[in-house]
Amino acid sequence: MGIRDLLLEIARTYDASEGTRVEVPGQRVLREVERRTDLPLPTALFAKGYGGQTSAAATPWIGVFDPEINSSAREGLYLAYIFSADLRTVSLTLQQGITHLEHRLGKGQARQDHLRRQAARLRRAVAMQRQNEWVDEPELRHGAARPKAYEAASVIARRYDVADLPQETVLGGDLVYAAEALKHTSVAQRLWWFEDTESSLEVSYPSNEHGVSGNDPLAGFQPKDSSDYIANIAAKQQVKRRLHEALIAEFGHHIAARGFTPTTRLMHPRDLVLRRQDEEPDTEGEWLVEAKVVRDGNPTEAVRHAVGQLFEYSHFLYRERGRPEPHLIGLFTEDVGVYSGYLERRGIASIWQTTNGWEGSSCASKWGMVG
């Protein structure tokens, strides 16, 4: 079954008046989305269906996530197929998360206005590549707060009439386009975040954040706990996320034993920052670490993402702010092979985990991080 058949099945079986019980046909179809392996999604993307929790959603939908960008519908950017309340249309949208805004803006007009302002700015990232038949917002035909917020949160949308859904190849092409738009827009969102939160970013950089609290080099090292994340996503993504957080946690303890202070606290969006544990400030500056999981023994995608993010963060978070540019490190779950030399020639050291510990490139060895 492809995307077309899935959308038609949801439109045929979903009934909000039947509630969210396990045996409700439409709810069952949505819950099974995350376990399906027959959906032709772009590489690495995964999907999950949403039909409401305590009460049935007025506008059921399917989230499509790129785990390199975001794996949660609460905040950040993702793709979604959202049905109108009458189930006559379904729209593929590039969405902003809405739930995290509730405590600050409530669920009404203030949240909608905020989302529309952000969408207008993010829309510039895809304006030059906008394809025909894509609009700004879907029309969900319901007056409740959540559907209204979904409309306001849309960056771009492609609406389909359920009675005249395009063929699978057309739907697939639209999804590929949306996935690329998601990547471009996520970069714009990060750069916008850098520009608009200068004061808060400066708080992330004071030298004492990298220093030692007492005699504990791990005082500022607080790697994320993946357990809450794991409970809400598909099995293959559970492994991916758990490895990412475990990689950072295990490397942090390793590098602390090597005479470095690892810091994660207040470092977002960076994975990890390192400094020497010397009593006096040294002249070597700091090391910026980007951690990546190598999937299926193929390091290509992991290396590409690491290079892009390291250069981006170095430029906007250091050079543009008049700070000394950091040493760059790509941290991987396994040996990246020929990419180690490729990274070295671009000024990026590489370190990877082995069954017996850690190995790395010549720069990593020279710094005393491996070997």
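Regarding Leu115, is this residue of a type in the set (A, V, I, L, M, F, W, C) and within 23 Å of the chain's Cα centre (by Cα)?
Working: of a type in the set (A, V, I, L, M, F, W, C): yes; within 23 Å of the chain's Cα centre (by Cα): yes.
Judged against the criteria, Leu115 is a match.
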Identity of the residue in the stretch 73-99, farther than 24 Å from Tyr177 by Cβ and at pLDDT 95 or above, that ends up most open to solvent (accessible area, probe 1.4 Å): Asp86
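Which residues, taken from the stretch 1-28, are of a type in the set (Val, Ile, Thr) and outside any loop (DSSP other than H, G, I, E, B)? Walk me through how you get there before you give the answer.
From the stretch 1-28, those of a type in the set (Val, Ile, Thr) are 3, 10, 13, 20, 22, 24; that's our starting set.
Ile3, Ile10, Thr13 - these are the residues of the stretch 1-28 that are of a type in the set (Val, Ile, Thr) and outside any loop (DSSP other than H, G, I, E, B).
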Subset tally (residues that are in contact (Cβ under 8 Å) with a residue 24 or more places away in the chain, assigned to a helix (DSSP H, G or I), open to solvent by 60 Å² or more (accessible area, probe 1.4 Å) and basic (Lys, Arg)) for the stretch 100-149: 5
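Among Ile351, Ile329, which is within 25 Å of Gln189 (Cβ to Cβ) and not aromatic (Phe, Trp, Tyr)? Explain how you work it out, then say what you get.
Details: Ile351 fails: within 25 Å of Gln189 (Cβ to Cβ).
From the options Ile351, Ile329, the qualifying one is Ile329.
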Qualifying residues in the stretch 150-171 (those that are touching a residue at least 60 places away in the same chain (Cβ under 8 Å) and open to solvent by 20 Å² or more (accessible area, probe 1.4 Å)) - the one farthest from the chain's Cα centre (by Cα): Ala163
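Being acidic (Asp, Glu) and in contact with a strand residue (DSSP E or B) (Cβ under 8 Å, 6 or more places away or on another chain) is the filter; apply it to the stretch 22-53 and report the residue that is nearest to Glu301 (Cα to Cα).
First, pick out the residues of the stretch 22-53 that are acidic (Asp, Glu): 23, 32, 34, 38.
Going one step further and asking which of them are in contact with a strand residue (DSSP E or B) (Cβ under 8 Å, 6 or more places away or on another chain), we end up with 32, 34.
Details: Glu32: 28, Glu34: 23 Å.
Filtering the stretch 22-53 for residues that are acidic (Asp, Glu) and in contact with a strand residue (DSSP E or B) (Cβ under 8 Å, 6 or more places away or on another chain), the one nearest to Glu301 (Cα to Cα) comes out as Glu34.
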Pairs with Cβ under 6 Å, 6+ apart, first in the stretch 6-29 and buried (at least 17 other Cβ atoms within 10 Å of the Cβ), second among the hydroxyl-bearing types (Ser, Thr, Tyr) and modelled with pLDDT under 95: Gln27/Thr20
Residue in the stretch 277-296 that is over 20 Å from Ile255 (Cβ atoms) and in a helix (DSSP H, G or I) present: no
Matching residues, the stretch 257-273, being surrounded by fewer than 18 Cβ atoms within 10 Å (Cβ to Cβ) and outside any loop (DSSP other than H, G, I, E, B): Ala257
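Among the candidates Glu202, Glu245, Glu180, which residue alone is of a type in the set (Asp, Glu), modelled with pLDDT under 50 and either open to solvent by 20 Å² or more (accessible area, probe 1.4 Å) or not in a loop (DSSP other than H, G, I, E, B) (or both)? Reasoning before the result, please.
Working: Glu245 fails: modelled with pLDDT under 50; Glu180 fails: modelled with pLDDT under 50.
Checking each option against the conditions leaves just Glu202.
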Test: Glu301 is touching a residue at least 24 places away in the same chain (Cβ under 8 Å), at negative phi and within 19 Å of the chain's Cα centre (by Cα): yes
Filtered residue count, the stretch 100-126, keeping only those that are at pLDDT 90 or above and among the charged types (D, E, K, R): 5
Single unsatisfied condition, Gln53 versus (1) modelled with pLDDT under 95; (2) within 30 Å of Val187 (Cα to Cα): (2)
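The values are calculated or read from the model by the stated rules, or taken from the named source; none is laboratory data. Computed from a prediction, not measured in an experiment: that's the story for all the values here. Reconstructed Cβ throughout: ideal geometry from the backbone, glycine too, with neighbour counts over all protein chains shown. Accessible surface is based on the protein model in full, side chains and every heavy atom, while ligands, DNA and RNA are left aside. Shrake-Rupley method; radii C 1.70, N 1.55, O 1.52, S 1.80 Å.
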